[in-house]
Amino acid sequence: MTKVKAKPFLRWAGSKKKLLPKLTSYWNDNFSRYVEPFMGSASLFFSIAPSKAVLSDLNSELVHTYCVVRDHPKRIHTVLMSLPKGKQAYYRIRSQKPKDLPAIERAAKFVYLNRFCFNGIYRTNTKGEFNVPYSSQGTGDLPTLEELRAISNVLQSVNIRCSDFETILLKEVRKN
């Protein structure tokens, strides 16, 4: 059995994926940890796989989802696999209020919407409701259990925080 490498499980506007060849050249093992104030898909984090890291974002649903994937990969996978596919199902799931859902279902909804919404965009209206339309092309397959377990394993030593980027930079960034 081949070991699955942890890789981003979300598609995110502003991702650094296309910049990885350039950005990874700035990382070396002399750094004591990696600090990411705009977590998004965390593509640079997954690419360099630092032993210590702080991942942060102001989007509480995004942060919640990372924590659930870290702590409950099998449970989130089970819920993801039970969700129906298609346009009608998408809009029904999209209409559910995150605060009304248990933690695992809330995170699964986030991953599901990210995979089946137009271009993987995260956008909310003035009421804080996710409002990106369905896309029949989606943004890739839902993560497999093996992928979620690999991601969970990598995230075990990571400090995941919901915070403004300025606060994270002021509190967490220092020499090396």
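The values are calculated or read from the model by the stated rules, or taken from the named source; none is laboratory data. In this text the structure is predicted, and so the values were computed from the model without any measurement. Using ideal geometry, Cβ is built from the backbone for each residue, glycine included, and neighbour counts are taken over all protein chains shown. For accessibility, only protein heavy atoms count, side chains too; no ligands or nucleic acids. Shrake-Rupley method; radii C 1.70, N 1.55, O 1.52, S 1.80 Å.
If you scan the range 33-64, which residues turn out to be out of contact with any Lys or Arg (no Cβ under 7 Å at 6 or more places or on another chain) and among the polar types (S, T, N, Q)?
Hits for the range 33-64 are SER47, SER51, ASN59, SER60.
Any idea how many residues of the range 143-176 are aliphatic (A, V, I, L, M), outside any strand (DSSP E or B) and within 25 Å of LEU113 (Cα to Cα)?
Start the filter on the range 143-176 by keeping residues that are aliphatic (A, V, I, L, M), which leaves 145, 148, 150-151, 154-155, 158, 160, 168-170, 173.
Still in the list and also outside any strand (DSSP E or B): 145, 148, 150-151, 154-155, 168-170, 173.
Now restrict to residues that are within 25 Å of LEU113 (Cα to Cα): 145, 148, 150-151, 154-155.
So the count comes out to 6.
List every residue pair whose Cβ atoms sit under 8 Å apart, with the two residues 6 or more apart in sequence or on different chains, where the first one lies in the range 77-91 and is of a type in the set (S, T, N, Q) and the second, anywhere, is open to solvent by 30 Å² or more (accessible area, probe 1.4 Å) and at pLDDT 95 or above.
none
Can you tell me which residue within the range 143-153, out of those that are of a type outside the set (Gly, Ala, Ser) and surrounded by 19 or more Cβ atoms within 10 Å (Cβ to Cβ), is farthest from VAL35 (Cα to Cα)?
At the first step, the residues of the range 143-153 found to be of a type outside the set (Gly, Ala, Ser) are 143-149, 151, 153.
Among the residues that remain, those that are also surrounded by 19 or more Cβ atoms within 10 Å (Cβ to Cβ) are: 143, 147-148, 151.
Working: PRO143: 25, GLU147: 23, LEU148: 22, ILE151: 17 Å.
Looking at residues that are of a type outside the set (Gly, Ala, Ser) and surrounded by 19 or more Cβ atoms within 10 Å (Cβ to Cβ), I get PRO143.
What number of residues within the range 29-38 satisfy the criterion of being open to solvent by less than 60 Å² (accessible area, probe 1.4 Å) and either free of Cβ contacts under 8 Å to residues at least 40 places away in the same chain or touching a Gly at 6+ places or on another chain (Cβ under 6 Å) (or both)? Explain how you work it out, then say what you get.
Let us first name the residues in the range 29-38 that are open to solvent by less than 60 Å² (accessible area, probe 1.4 Å), namely 33-37.
If we keep only those that are either free of Cβ contacts under 8 Å to residues at least 40 places away in the same chain or touching a Gly at 6+ places or on another chain (Cβ under 6 Å) (or both) too, we end up with 33-34, 36.
Count: 3.
I'm trying to understand the selection: among the residues of the range 3-31, which are among the aliphatic types (A, V, I, L, M) and either over 16 Å from THR65 (Cβ atoms) or modelled with pLDDT under 90 (or both)? Break it down into steps so the answer makes sense when it comes.
Looking only at the range 3-31, we keep the residues that are among the aliphatic types (A, V, I, L, M), and these are 4, 6, 10, 13, 19-20, 23.
Listed by number, the residues that qualify are VAL4, ALA13, LEU19, LEU20, LEU23.
Is there any pair with a first residue in the range 143-162 that is closer than 11 Å to VAL69 by Cβ and a second that is open to solvent by 20 Å² or more (accessible area, probe 1.4 Å) and of a type in the set (A, V, I, L, M, F, W, C) whose Cβ atoms are under 6 Å apart and which are 6 or more apart or on different chains, and what are they?
GLU147/VAL4; ALA150/VAL4; ILE160/CYS67
If you go through the range 53-104, how many residues are within 18 Å of ARG11 (Cβ to Cβ), open to solvent by less than 80 Å² (accessible area, probe 1.4 Å) and not in a helix (DSSP H, G or I)?
4
Identify the residue in the range 98-139 that is over 14 Å from the mean Cα position of the chain (by Cα) and small (Gly, Ala, Ser) and, among all such residues, is nearest to TYR66 (Cα to Cα).
Step by step, filter the range 98-139, then rank; the result is ALA103.
Among the residues of the range 5-28, which ones are of a type in the set (D, E, K, R), surrounded by fewer than 19 Cβ atoms within 10 Å (Cβ to Cβ) and in a loop (DSSP other than H, G, I, E, B)?
To start, the set of residues in the range 5-28 that are of a type in the set (D, E, K, R) comprises 5, 7, 11, 16-18, 22.
Then keep just the ones that are surrounded by fewer than 19 Cβ atoms within 10 Å (Cβ to Cβ); that gives 5, 7, 17-18, 22.
Within the range 5-28, LYS5, LYS7 qualify.
For the range 111-142, give me each residue that is out of contact with any strand residue (DSSP E or B) (no Cβ under 8 Å at 6 or more places or on another chain), part of a helix (DSSP H, G or I) and open to solvent by 20 Å² or more (accessible area, probe 1.4 Å).
ARG115, ASN119
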